[in-house]
Amino acid sequence: MASKIVKSEHGLLQVPDQPIIPFIIGDGIGPDIWHASVRVFDHAVEKTYAGRRKIEWKEVLAGEKAFNETGEWLPEKTLQVLKEYLVGIKGPLTTPIGGGIRSLNVALRKELDLFVCQRPTKWYEGVPSPVKHPEDVNMVIFRENTEDIYAGIEFAAGTADAQKIQNFLRDELHVDYNFSSETGVGIKLVSEKGSKRLIRAAIEHALEHNLPSVTLVHKGNIMKFTEGAFKNWGYELAETEFADKTYTWGQWERTKAEKGDLAANAEQQHALDSGKILIKDVIADNFLQQILLNPKDYSVIATLNLNGDYISDSLAAIVGGIGIAPGANINYDTGHAVFEATHGTAPRFANTDTMNPSSVILSGVMMLVYMGWQEAADAIVKALGETIKAKTVTVDFYNLMKDATLVKTSEFADHIIEKL
Ligand code: NAD
């Protein structure tokens, strides 16, 4: 009998053999890529577990489909189901134009407090890339999902509220700045709790998957009490909660100051040889150079909301673009997780059966890994990799590849299923 995924008293996810998983089909190209992807998931699970396991899909409404059927963009019932069933997956959603909800994705993240936006970026052999060695990129981004300048606290230039804030800064806090009525104001919020829970998830991911390092990417040289604090809280967390499993650049600095850099290097080498992971940091602008120049030096990335947005898209472009970029929004404390393609609804291509379903397929792979169904996830990754390597691809890759065979969205799924 199909049943819910729950979180046990000890904080572990308990996944039944027949879990009920809610899905949002998505707008625009959503239905095309979802129908292709779900066949791949079902086939991989059935084959891998010889029929012992099976997902029971439960459709919930959001976006245009919800609006047409219920008059609401994000019905309360959808939120309730996602809350109750813990793990869900979604296609891209149209952002409603006009008042009310700013973005359905933001609303979902807020409601479920999905504080990690996780995006793996890995290259699959044969995928067209603008760089010479895309195989050197293999990173997992942990982007903070609830704070930063993204909190949406903004006041437009020329409004009474923007003026009030500027008056307060000038008169009460004695801020020395050339304020004017033509200045808009946005507020950047970064908390210790918000930073630490994100960095904790990144370190735990690195430990669980045997990865060599976690890099804190920040702009703390300029924004000391927000981005700089993020870095400091990260080092503090590693040195307290993960002292026996990590070595930090903060420790290296202290040893260097006390005993010189040879001693600090030897200490770091010893720590890494004994299996500890390295916690380091890089300034965000330098990091955008590093992912092009020395990508092999980076593995797990922990960063704030805005930096994470830029970095994710840049890395996605290096390994093949948004047609193959999966993502997940997760609250590791409650267990809530919503897996999603990172691209939009591409409305011009709706119902053409031409777009690449890889981003939804790989989001499903992340979901299977999250559920502990690693074998089915591995089988899909292998079959998808072989399909691309055989140059059987959708139009986005076809246009950039030599001697490729063009297939439709549904046919691409057929090829993967055949290889499974
Ligand atoms: P988009 O990502 O929908 O499309 C941009 C271009 O990327 C497309 O024209 C297409 O050429 C390409 N593309 C996108 N998905 C592809 C795929 N699977 N395979 C191959 N090529 C693909 O961006 P947009 O046009 O700026 O946004 C359209 C709508 O989507 C807007 O309403 C926007 O708000 C929404 N949106 C939703 C999400 C989400 O739900 N996660 C994310 C971004 C944008």
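The values are calculated or read from the model by the stated rules, or taken from the named source; none is laboratory data. Keep in mind it's a predicted model, so treat the numbers as computed, not measured. Every residue, glycine among them, receives a Cβ derived from its backbone with ideal geometry; neighbour counts consider all protein chains shown.
Name the residues in segment 263-307 that are within 22 Å of the chain's Cα centre (by Cα), over 19 Å from residue 210 (Cα atoms) and in a helix (DSSP H, G or I), would you? 284, 285, 286, 287, 288, 289, 290, 291, 292, 305, 306, 307 - these are the residues of segment 263-307 that are within 22 Å of the chain's Cα centre (by Cα), over 19 Å from residue 210 (Cα atoms) and in a helix (DSSP H, G or I). Consider segment 253-293. How many of its residues are under 24 Å from residue 199 (Cβ atoms) and either β-branched (Val, Ile, Thr) or touching a residue at least 40 places away in the same chain (Cβ under 8 Å) (or both)? Counting residues in segment 253-293 that are under 24 Å from residue 199 (Cβ atoms) and either β-branched (Val, Ile, Thr) or touching a residue at least 40 places away in the same chain (Cβ under 8 Å) (or both) gives 13.
Count of segment 224-249 residues, restricted to those that are in a loop (DSSP other than H, G, I, E, B) and under 24 Å from the mean Cα position of the chain (by Cα), is 1.
Condition check ((1) touching a Phe, Trp or Tyr at 6+ places or on another chain (Cβ under 7 Å); (2) away from the ligand (no atom under 16 Å from the Cβ)) across all residues:
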{"site": "15", "(1), (2)": "no, yes"}
{"site": "35", "(1), (2)": "no, no"}
{"site": "43", "(1), (2)": "no, yes"}
{"site": "78", "(1), (2)": "no, no"}
{"site": "89", "(1), (2)": "yes, no"}
{"site": "92", "(1), (2)": "no, no"}
{"site": "111", "(1), (2)": "no, no"}
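With surrounded by fewer than 19 Cβ atoms within 10 Å (Cβ to Cβ), in contact with a Leu (Cβ under 8 Å, 6 or more places away or on another chain) and under 23 Å from residue 360 (Cα atoms) as the only criterion, which of 125, 111, 144, 135 stands out? So that I can check it myself, show each step before the final result.
Numbers: 125 fails: in contact with a Leu (Cβ under 8 Å, 6 or more places away or on another chain); 144 fails: surrounded by fewer than 19 Cβ atoms within 10 Å (Cβ to Cβ); 135 fails: in contact with a Leu (Cβ under 8 Å, 6 or more places away or on another chain).
After applying the criteria, what remains is 111.
Quick grid of which residues meet (1) among the hydrophobic types (A, V, I, L, M, F, W, C); (2) buried (at least 16 other Cβ atoms within 10 Å of the Cβ); (3) within 14 Å of the ligand (Cβ to nearest atom); (4) within 19 Å of the chain's Cα centre (by Cα):
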{"position": "357", "(1), (2), (3), (4)": "no, yes, yes, yes"}
{"position": "360", "(1), (2), (3), (4)": "yes, yes, yes, yes"}
{"position": "372", "(1), (2), (3), (4)": "no, no, no, yes"}
{"position": "383", "(1), (2), (3), (4)": "yes, yes, no, no"}
{"position": "392", "(1), (2), (3), (4)": "no, yes, no, no"}
{"position": "397", "(1), (2), (3), (4)": "yes, yes, yes, no"}
{"position": "405", "(1), (2), (3), (4)": "no, no, no, no"}
{"position": "409", "(1), (2), (3), (4)": "no, yes, yes, no"}
{"position": "417", "(1), (2), (3), (4)": "yes, yes, no, no"}
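Any residue at all in segment 240-258 that's aliphatic (A, V, I, L, M), surrounded by 13 or more Cβ atoms within 10 Å (Cβ to Cβ) and either modelled with pLDDT of 95 or more or more than 21 Å from residue 145 (Cα to Cα) (or both)?
The answer is no; no qualifying residue exists.
Of the helices (runs of 4 or more DSSP H) that lie entirely inside segment 7-117, those containing 2 or more residues that are free of Cβ contacts under 8 Å to residues at least 12 places away in the same chain span 63-70, 76-85.
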